[in-house]
Each structure stands twice: as structure tokens, then as C-alpha cells.
Amino acid sequence: MTHVPTGAPPGVPATKVAEFGSPLLLSEEHHLCPGCGHPVAWRLLCEVMTELALADRAVGVIGHGCYTQAAVLTDLEWLQCLHGRAPAVATGVKRVHPGVAVFTLQGDGDMASEGLHELLHAAGRAEPITCIMLNNGVFGDTGGQMTATTVVGQRTKTSLEGRDPGTHGFPIPVADLVRTLPGTAYVARGAVNNAGAVAQTKKFLRRAFELQMEGAGFTFVEILTMCPTGWFIPTAEGPGYVASVFEETFPVGQLKTLAPR
Amino acid sequence: MAVRLLQGSDALAEAAVTAGCRFFTGYPMLPFTGLLESMARRMPDAGGVCMNAASEIEAVNMTIGAAAAGARAGTGSCGQGIALMQEAVAEAALNEVPFVLFNMARGQQDYFQCTRGGGWGDYRTITLAPRDVVEAVEHTQLLFHLADTYRAPVILLGDYLIADTNMSVDVSPRDYGPLPAKDWALDGSTGGTGSSRQIWSWDIGKANRPGRGPDGQWKHIADKFAAVAEAEQRHESFMADDAEYLVVSWGTSGPFVDYVVEELRAEGVRIGSFRPISLWPFPEAALAEAAAGARRVLVYELNAGQMLDDVRLSIPDRSKIRFIGGVSIDYSGMRQGELLQASAIRAAVRRVIDEGD
Ligand SMILES: Cc1ncc(C[n+]2csc(CCOP(=O)(O)OP(=O)(O)O)c2C)c(N)n1
Ligand code: SF4
């Protein structure tokens, strides 16, 4: 491994070569842990909203979890709702404002554990909304317990010896499940653990919103994010854990795309 | 005046549409089902949406979405279904999303549920209990107005006798006066302006414009409901001025009690009745006044004594109070029970009078 020498000041003063912020980000200060994957997902969302010129006609419905801070930090309209219920709430918003980009931002605990019912019915109705699930395989906010997506063998505070299917059953691959429903127009699973994955996930998000606005039907993007705190591993190992453990159970890629109606 | 002979459920649907309701959803459960079906028939022509939700939980959360987006919206169920909705009703009270919840109850077992909630937090729900279909139509229109006035979920507590009785009703729109602007309602348009909106029961606000925060928001909610408790008490009394015996009842029991009061008055008994129309806020002051000159206050309701608590809280001298109602189901399991008949009420009143108790 090469090291950048830091013992002496650089010969040339550092200059900013690129703007990494998004115009929709209201503050760079946040409460999330170092190495958390959620902020990368927020940023992608902001970029897509800006690029598709949707910022001034979008309503986000957000659940409960660490990611919920996005509602405070981003310059978008948000409706914060009960744990798990965002797809139902988003349905009400969309039916009142059919021309608005309506989306949910939820964690795997919020969406797959508590709110699977609302998600599947929104998908079944072909509700023209976009549901985004930030999947880190744990309840991050409450300290790292097992969710419906915790992978087999994964240690959490409520599966201390690792998720054992004999005791806890198997993880639910939400994107694969949603893909099977006829009402879904677009289903993809991305990740934010390296630059390539981030770029790919942004494309998935963009496509999901484009298809929503074209009236194609229900669109869904699952994003694998890091939770080194909930996984009880060193921060730097988070991205590798996604690649070596998570993607075994949840392969990334585009799972379904229909032509607009 | 547009007077029409309508079945209760259809009359309520008509009243809701007239009041501007454009989003309605629910999950079938008798006796609420008729209202859901009626709304499904009525909404498309009115330019609204009626959805057959996949559960009561989904229904009430869809309603929150529609209401937060600025529409007049409603949903409903009865007892068990309302129990599933309670978490969302509490959330809507705390994040100030207004809608009307129609509880077409299976009798009078839902008094605690509607007036005490069962959700989380320091919230209350305005609850109106109509005596018949005519009053239910008025209450429906009034409730949409009160919901928007106070930015809060509100409840119509009806029952089978309201849902399934045909009555001539005036369904023309009522004007209850001006309302505050819905500038808080989300339509997506403020994103990217630096002043984007957010609805959250903690009212955290945005990084550039912090809101009240949970403490501030919940204090604001508590203050609001304290003001509502003062301003929105409603009641009706009948022959109560010189009453030695005052019978207190609510909802569709009221007309049965009034019938007995009339009968006994004709026989020389100084008796009157009092009916809270708003179950929350309970008309405490009016009841205290009506009961001041009475020797006995008789509480009649078809449950084990749920409103009885509010009567006790309203009347300084509790020793006057007697409970003459009771749990009552009939054998079909749906309709009001065998206690809901004038002869049964009359016998219960007579017992108190004759025993000099
Ligand atoms: C009805 C209800 N049950 C439980 C909670 C507690 N709770 C808050 S956040 C959370 C976990 C969220 O996990 P997830 O959605 O995976 O998001 P993360 O924190 O991992 O980003 C839970 C269980 C709640 N807020 N509401
Ligand atoms: S607990 Fe996990 S999900 Fe929550 S902020 Fe920390 S790393 Fe992110």
C-alpha cells in the first residue's frame, strides 16, 4: 500500500478541483457514523432530482431510521411518517398530485420488516411512485438488531451467533420479490460501496424517476449501504463487507424494466 | 334546500362530497362498509378518489398522505378497525394533518376509544356523536370544517342506526365561515428554494430553518387541544330546566331517552335529558349547570359505563349519579342490543325513582 507523505507540507497548496456538494444539500453537518453508506445515497438522490429538474415538483415520504435525517438536510419537501407506512402515505400524496414525483425513502427495517405489506400492495396497484430501500441488513438507528434482510450468518444484537435459518428463517430479497409483481415497471438493486457502484446506482435511481414521470407504473430501487456500527466491524471494512457478504445474498443489477406506458 | 330521502351511509357520503372531501379510503367492516361502498360510487363523478385499501392501517396512512397533500380526506371503520388506525390518528394529531375518521360503530363500546385515543402522545380528537341521520349529515360537514380549522384528525362516532336508517335529509352545503390557508400542505413546489416544507411530528424543521423541535411541537399541540376543549363543547338538553331526574345519554340512545322523558313527564315526573354532542370535548360546564338542581343524574349508555367517567368528572356531587345502562348485544351480533328500547329505559328509570334511591 502506498502512503501519501504527510510529514511535511505539500510543495503546492491544495486547490479545490471539483464541487462535491449538491445544491439541494442544506448543510454538510450530519449525525451519521463515519463510514455510513446512507449519506452517499442521499447525495445521489439530490443529484438525480437536480438533473431531472424535479426538485420543485417532488414530495418525499420518509420512514424511521438513521437515514431520516435526510429530511432535515435536503432542500426537498418531505413528509415524515410512521415506521413502515411510507408506501401507503405516498399513495395518498400521489393520488392528490399525480404530476408530482412522489417517492419513499426507507430502511430495510422500516420497509422490509415493518412495512412489507404496504410496499407489496403499492407495487401490486402499480402505484406510479418510486420506493427506495436503503438496505444495510440491520436496524441501524436502534443499535444493530436483526431485520428481515439480515443475511444468513450475520451477527447482530439479536442474532449474536449469526443469523441461523433454523431459528430466524431466511432473509427476504425484497427487490426480487417486488420484481415478480405485474404492477412493477422498474426494479433495480444498487450499492454505494465503491465508485463504480455509486455511478451505477445513480443510473438506477435516474431511470426509476424517469419511468415514474412517464407513468410506467411502480418503480423500486434497493440500495445496499454500509452500517459499520451495526455490523460491529471497523469502519474501513464496511465497503468490503458489502461486496463479500451482502452481495452474495443480494446481487446488484437491474432486475426489471418495462417500456413507459 | 335540497331535501332527499337517503339511507344513512349514502347521506354521509353525500355530505362528505358536498363538504369537499376528495379522497376517501377504507377497508370493509360492518356497519362502516355501506359508507365505503357509497363513497366508491360517488367519488369518481365528484372528481375524487375512493380506494378499497388492503387494511385499516393502509387506509388511514393513505388518508394522511392525501390530507398532507392538501385534500379534504376521510376514512373510517368501527371498533376493531379503528383500533388498528389509532397509531396513525395519534401521528396525525402530532404532525397536524387534518382528516375525518368515520367510526360507524357496532354499538356504544367505542366511547373510550374515541375520546381517550389509544395512540401515543398528548393528543385528543374532537368526537361528535349524532343522534340520527339528519344530525350526522350536519356533523359530517362541520367536522371537515373543524379538522381544517384546528389542523387535526376528528371523529364522527355513529353506529348501525345511523348507517342503515333512511331519513329525509338536507344535503345542501353549509357555510361555517373562513378557514386558515393550507400553506403547509405539500405539493412539491417548494423544493430547491431554500424554504422547502416538511411535515414531521417532531417538527425538527430544516438545517437552515429549524422548527419547534419535539418539545416545542408537543407543547404547541397540548396548548391547541386545551383551547379546543374550551371552544368546541356541544350539547343538547330536553325538559331539563326544572328536572329532579336528569338522564344523560349520547348518540342514537338520545331519541329513546327523550321518548321516555316525554312519557314520564306526562305522568307528572319532573324528568329531563341531557345529551353531550361533542364527546370530546365533553360539555362539562353545561352538564354541571343542568345537573345542579337535580336530585339524581342517571347515566344511560350501552356499555359498562364509559361516559360515566366524564359525567363523574363534570358533576361536583358524585353521590347523585346512578348508572342505568349496561353492556348489551343482540343475538345477531351487530345491531344495538336489547337494552335499546323505550320500555327497558323506562323500567330502569322507574327503578331509581320508585326505590327512592
Ligand atoms: C412502530 C415503531 N416501532 C419501532 C420503532 C423504533 N425504530 C426506530 S428506527 C428503527 C429501525 C430503523 O431501521 P432501518 O429502517 O433499517 O433504518 P436504519 O436505521 O438502519 O437506517 C426502529 C425499529 C418505531 N419508530 N416505530
Ligand atoms: S448506525 Fe449504521 S445506519 Fe445508523 S448512522 Fe451509524 S452507520 Fe449509519
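Every residue, every condition in (1) away from ligand 2 (no atom under 14 Å from the Cβ); (2) modelled with pLDDT under 95; (3) touching a helix residue (DSSP H, G or I) at 6+ places or on another chain (Cβ under 8 Å), yes or no:
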position: A:HIS3; (1), (2), (3): yes, yes, no
position: A:SER22; (1), (2), (3): yes, yes, yes
position: A:LEU32; (1), (2), (3): no, no, yes
position: A:HIS38; (1), (2), (3): no, no, yes
position: A:GLU51; (1), (2), (3): yes, no, yes
position: A:ARG57; (1), (2), (3): yes, no, no
position: A:HIS64; (1), (2), (3): no, no, yes
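Of the strands (runs of 3 or more DSSP E) contained entirely in the stretch A:181-261, those carrying at least 1 residues that are within 16 Å of ligand 1 (Cβ to nearest atom) and within 18 Å of A:ASP108 (Cβ to Cβ) fall at A:184-191, A:218-224.
Table: residues versus (1) away from chain A (no Cβ under 14 Å); (2) surrounded by fewer than 18 Cβ atoms within 10 Å (Cβ to Cβ).
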{"position": "B:LEU128", "(1), (2)": "yes, no"}
{"position": "B:VAL154", "(1), (2)": "yes, no"}
{"position": "B:ASP170", "(1), (2)": "yes, yes"}
{"position": "B:LEU179", "(1), (2)": "yes, yes"}
{"position": "B:GLY194", "(1), (2)": "no, yes"}
{"position": "B:ARG197", "(1), (2)": "no, no"}
{"position": "B:SER201", "(1), (2)": "no, no"}
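When restricted to residues that are among the small types (Gly, Ala, Ser) and within 30 Å of A:PRO23 (Cα to Cα), the stretch B:141-194 contains 7. Within the stretch A:102-110, one or more residues are part of a strand (DSSP E or B) and farther than 23 Å from A:ARG57 by Cα. Are any of the residues in the stretch A:79-87 assigned to a strand (DSSP E or B), over 14 Å from the mean Cα position of the chain (by Cα) and within 16 Å of ligand 1 (Cβ to nearest atom)? Yes; the residues of the stretch A:79-87 include at least one that is assigned to a strand (DSSP E or B), over 14 Å from the mean Cα position of the chain (by Cα) and within 16 Å of ligand 1 (Cβ to nearest atom). Quick check, is A:VAL138 within 16 Å of ligand 2 (Cβ to nearest atom) and either touching a helix residue (DSSP H, G or I) at 6+ places or on another chain (Cβ under 6 Å) or of a type in the set (Lys, Arg) (or both)? For A:VAL138, the condition - within 16 Å of ligand 2 (Cβ to nearest atom) and either touching a helix residue (DSSP H, G or I) at 6+ places or on another chain (Cβ under 6 Å) or of a type in the set (Lys, Arg) (or both) - is met. For the stretch A:157-173, the criterion of a residue being basic (Lys, Arg), surrounded by fewer than 17 Cβ atoms within 10 Å (Cβ to Cβ) and within 13 Å of ligand 1 (Cβ to nearest atom) is satisfied by at least one position.
Among the residues of the stretch B:83-105, just one is part of a loop (DSSP other than H, G, I, E, B) and open to solvent by 10 Å² or more (accessible area, probe 1.4 Å), namely B:GLU96. Filtered by the rule that a residue be within 15 Å of the chain's Cα centre (by Cα) and either within 14 Å of chain B (Cβ to nearest Cβ) or within 9 Å of ligand 1 (Cβ to nearest atom) (or both), the stretch A:132-146 gives A:MET133, A:LEU134, A:ASN135, A:ASN136, A:GLY137, A:VAL138, A:PHE139, A:GLY140, A:ASP141. Taken together, the criteria exclude B:LEU143 from residues that are open to solvent by 10 Å² or more (accessible area, probe 1.4 Å) and touching a residue at least 24 places away in the same chain (Cβ under 8 Å). For first residues located in the stretch A:181-193 and open to solvent by less than 10 Å² (accessible area, probe 1.4 Å), partners that are of a type in the set (Lys, Arg) and lie 6+ apart or on another chain with Cβ distances below 7 Å form the pairs A:GLY183/A:ARG125; A:THR184/A:LYS256; A:TYR186/A:ARG207; A:TYR186/A:LYS256; A:VAL187/A:ARG179; A:VAL187/A:LYS256.
From the list A:THR249, A:THR235, the lone residue that is modelled with pLDDT of 95 or more and closer than 27 Å to A:PRO165 by Cβ is A:THR249. For the stretch B:41-82, a residue qualifies if it is under 21 Å from B:ARG197 (Cα atoms) and open to solvent by less than 20 Å² (accessible area, probe 1.4 Å), and the qualifying residues are B:ASN61, B:MET62, B:THR63, B:ILE64, B:GLY65, B:ALA66, B:ALA67, B:ALA68, B:ALA69, B:ALA71, B:ALA73.
Filtered by the rule that a residue be within 16 Å of ligand 1 (Cβ to nearest atom), at the interface with chain B (Cβ under 9 Å from one of its Cβ atoms) and open to solvent by less than 10 Å² (accessible area, probe 1.4 Å), the stretch A:91-130 gives a lone residue, A:GLU118.
Residues in the stretch A:45-74 that are within 7 Å of chain B (Cβ to nearest Cβ) and over 12 Å from A:ALA101 (Cα atoms): A:ALA71, A:VAL72, A:LEU73.
Pairs meeting the criteria (first residue in the stretch B:74-89 and within 20 Å of B:ALA19 (Cβ to Cβ), second residue of a type in the set (S, T, N, Q), beta carbons under 6 Å, at least 6 apart or on different chains) are B:THR75/B:THR25; B:THR75/B:THR63. How about the stretch B:328-354: which of its residues are modelled with pLDDT of 85 or more and of a type outside the set (Gly, Ala, Ser)? Scanning the stretch B:328-354 gives B:GLN341, B:ILE345, B:ARG346, B:VAL349, B:ARG350, B:ARG351, B:VAL352, B:ILE353, B:ASP354. Within the stretch A:31-77, the residues that satisfy the criterion of being assigned to a loop (DSSP other than H, G, I, E, B), away from ligand 1 (no atom under 11 Å from the Cβ) and buried (at least 19 other Cβ atoms within 10 Å of the Cβ) are A:LEU54, A:ASP75, A:LEU76.
The values are calculated or read from the model by the stated rules, or taken from the named source; none is laboratory data. Since the structure is predicted, the reported quantities are computational estimates derived from the model, not experimental observations. Because the Cβ atoms are built from the backbone with ideal geometry, glycine has one as well, and the counts that use them run over all protein chains shown. These accessible areas exclude ligands, DNA and RNA; they are computed on the full protein's heavy atoms, side chains included. Shrake-Rupley method; radii C 1.70, N 1.55, O 1.52, S 1.80 Å.
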